[in-house]
Amino acid sequence: MYQLLKQEGAARRGEFTTVHGTVQTPAFMNVGTAAAIKGGISSYDLVDLKCQVELCNTYHLHIRPGDDKIRQLGGLHKFMGWQRPILTDSGGFQVFSLAKLRTIKEEGVYFQSHVDGKKIFMGPEESMRIQSNLGSTIAMAFDECIENPSTREYTKRSIERTVRWLVRCKAEMERLNSLPDTINRNQMLFGINQGSTFDDLRIWHMQEIAKLDLDGYAIGGLAVGETAEEMYHIIEVIEPYMPKDKPRYLMGVGTPANIIEGVWRGVDLFDCVMPSRNARHGHLFTWDGIINIHNAKYELDDRPLDLQCDCPVCRNHSRAYIRHLIKANEMLGMRLAVMHNLYFYNTLMEKIRAALDEGCYGDFRAHWLPILSKRI
């Protein structure tokens, strides 16, 4: 259940209640693709890093270790030792981006595993069954992530099929949630808006999927090569047609600036591999801008990564030490860098929520946008 607490323009401050706890929104979901955050971060670390929701990947967990095995072990929460909400994406994006060969048909998608080349079929029912085995809090609908650019004709055919797939996802999830041995009988279903960069197709698709009265709605198919301005435009186009009483999720986005702008346009939930991936390469987010810890100027710098940060890393370690670890390919270097970036992102969301609570989000946006986009 989503409760809108406050609004400033299109920006929303809310609470999203689930069977695994209440999420304060806007929120950033930390990406633990294969039931772990890359960089050696455990579920117990995530609690200290202020993570509210962890995102795991249906495709990867289906391939390895197998969703049937996770079900036998009591579901994803028990498997990874995480008690708060988990969102599982449907596997659609990976099927379309990683699969070596794929054939899209009305029943679903036939493809080869990117790990061992094994032939796999996934359609709406299969995706729902895998996610039910995982027992996540929120399951994402199975959709086609349309390549950008795509022709208008192809996009139209694709979103029409995605609506039909969504109807099947909903029916299968209702069936699974009614079974006595289902791990999470309160599993929620989010639909995904597609339509490439065609305004009218995006609007039509949003109107169609809104009719199904799902638990939440996502905007998919963005941050895949279009400009930030195009992405913001699409959000503005869709926003009036998104149900006001349901959470809104912008998939795979993004930089701190993207998040600030997404919130401004009415988005509640975000996810992105960027904070952890960038950290592993020495790119660290700070309240003064972005630093590259590989730079020689940090070799003798005994200050914390960020003078304004109180994360466990900044409280205990210097820039010089973290630079040394990363240069020496020590695993601890990656771990500390990822911890810092995730803490930064989750603190950014706290500050966004506080600004919305105080009715000064416009000022917050104007102040922080140029700073957080700057490379030091």
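FYI, it's all coordinate maths here, none of it is from the lab. Quick caveat: nothing in here was measured; it's all calculated off a predicted structure. Virtual Cβ from ideal backbone geometry, glycine too; neighbours counted across all protein chains shown.
Rounded to the nearest 20, the Cβ-based charge dipole of region 2-272 about its Cα centre (Lys and Arg +1, Asp and Glu -1) stands at 620 debye. Over the C-alpha atoms of region 282-372, the Rg to Rh ratio, Rh being the Kirkwood estimate, stands at 1.04.
In this rough spin-label picture, where each label sits 7 Å from Cα along the Cβ direction, the Leu300-Val115 distance is 4.9 nm. A Cβ-based charge dipole, computed about the Cα centre of region 93-204 with Lys and Arg at +1 and Asp and Glu at -1, lands at about 160 debye.
Per DSSP H run of n ≥ 4, the term is -39500 (n - 2.57); total these for the chain, divide by its residue number, and report the mean residue ellipticity at 222 nm rounded to 500 deg cm²/dmol. Kindly include the intermediate steps, with their values, before the conclusion.
Values: 15 runs with 159 residues, N = 376.
The per-residue figure over the chain is -12500 deg cm²/dmol.
The relative contact order of the chain, computed from alpha carbon pairs under 8 Å that lie at least 6 residues apart in sequence, is 17 percent.
Residue separation times 0.36 nm, minus the C-alpha to C-alpha distance between His367 and Tyr44: what's the value?
Roughly 112.9 nm would be gained on extension.
Translational diffusion coefficient of the chain at 20 °C, 1.002 mPa s, Stokes-Einstein with Kirkwood Rh over Cα pairs, in µm²/s as a whole number.
On the way: Rh = 21.2 Å.
Calculated translational D: 101 µm²/s.
Spin-label model, Arg185/Lys69: points 7 Å from Cα along the beta carbon direction are separated by 2.9 nm.
May I ask you to sort Arg152, Arg202 by Cβ crowding, counting other Cβ atoms within 10 Å and putting the fewest first?
Final ranking by Cβ density, sparse to dense: Arg152, Arg202.
Using the alpha carbon gyration tensor of region 183-237, what are the three equivalent-ellipsoid semi-axes (square root of 5 times each eigenvalue), largest first, in whole Å?
In descending order the semi-axes read 25, 14, 8 Å.
Where both bridge residues fall in the chain, DSSP classifies roughly 50% of the beta bridges as antiparallel.
Among Cys314, Cys145, Cys51, the largest mean-square fluctuation in a Gaussian network model of the chain (Cα springs under 10 Å) belongs to Cys314. Summarising the label geometry, the points placed 7 Å from Cα in the beta-carbon direction at Cys360 and Ala210 lie 3.4 nm from one another. Neighbour counts of other Cβ atoms within 10 Å put Leu189, Leu4 in the fewest-to-most order Leu4, Leu189.
Which of rounded, prolate, oblate describes region 72-218, given a ≥ b ≥ c as roots of the alpha-carbon gyration tensor eigenvalues and a/c under 1.5 marking rounded, otherwise prolate only if a/b is larger than b/c?
Here region 72-218 falls in the oblate category.
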